[in-house]
Amino acid sequence: MNTGMCLSWGWATWDPRPLHAALDTKAGVLPSPQALMTRAGLLVPADVLDSAQHLATMFGIGESARWGMSPFGGRADHPIWERVNPRRFLTPNQNASCAQAIFRTAFELPPVDRIAVGTDDPRHLDELLAAVELPVDQAAIARYRQLLRARGDQDRSRGISSEATRRAGSSNGPE
């Protein structure tokens, strides 16, 4: 991978679970990617978050080479964002918009260094850029992860997939 036009490479996946399962015993045998991009944010199921982190750990992909995508679950204007208060994941007394809190929190779910977003509105991009340095409440993030795992465990015990639960809650699939 160090010659020719491919000086570095990586993986981008909406759902890292099949990749994690297929490569579980291949670390050290396959070349390690230099980057990993997965979904990030409040709408990502616990098992997807866990698989992304396991892949990164398994292949030695440091946090600075981890990217997130789709922090708004596909739509920044989705009605779900009117029903939740994502500011609770920031430290107290932050002057942040809902979009800023969603975006900043996505850097923690799973831990990533960069997030890819698409917009045709430069004001939206400016708003998100201003959120990058907002401090998050790590205890709130940890509690949320615990709640996601508990919900995933309950769903699995009832035979419900995490994607079906996510779609029911947000009415949105992969973009």
>> Return the residues of region 117-153 that are closer than 21 Å to Asp47 by Cα and of a type in the set (A, V, I, L, M); say none if nothing qualifies.
In response: Ala139, Ala140, Ile141, Ala142, Leu147, Leu148, Ala150
> Looking at region 14-24, is at least one residue surrounded by fewer than 18 Cβ atoms within 10 Å (Cβ to Cβ) and within 29 Å of Asp77 (Cα to Cα)?
Replying inline: yes
> Hey, any hits in region 144-164 for a residue that's touching a Leu at 6+ places or on another chain (Cβ under 9 Å), aliphatic (A, V, I, L, M) and modelled with pLDDT of 95 or more?
Replying inline: no
>> Need a quick list: helices (runs of 4 or more DSSP H) entirely within region 33-106 having at least 3 residues that are open to solvent by less than 50 Å² (accessible area, probe 1.4 Å), within 30 Å of Leu7 (Cβ to Cβ) and in contact (Cβ under 8 Å) with a residue 24 or more places away in the chain.
In response: 46-58
> Regarding Ile115, is this residue within 23 Å of Leu148 (Cα to Cα), of a type in the set (A, V, I, L, M) and assigned to a strand (DSSP E or B)?
Replying inline: yes
>> Please go through (1) small (Gly, Ala, Ser); (2) modelled with pLDDT under 90; (3) touching a strand residue (DSSP E or B) at 6+ places or on another chain (Cβ under 6 Å) for Ala12 and return the number of the only condition it doesn't satisfy.
In response: (2)
>> Of everything in region 77-116, what is within 12 Å of Gly41 (Cα to Cα) and among the hydroxyl-bearing types (Ser, Thr, Tyr)? Give them in sequence order.
In response: Thr105
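The values are calculated or read from the model by the stated rules, or taken from the named source; none is laboratory data. Bear in mind the structure is a predicted one, so any value in this text is a computation, not a measurement. All Cβ positions, even for glycine, are placed from backbone atoms using ideal geometry, and neighbour counts span all protein chains on display. These area figures cover heavy atoms from the full protein model, side chains too; ligands, DNA and RNA do not enter into them. Shrake-Rupley method; radii C 1.70, N 1.55, O 1.52, S 1.80 Å.
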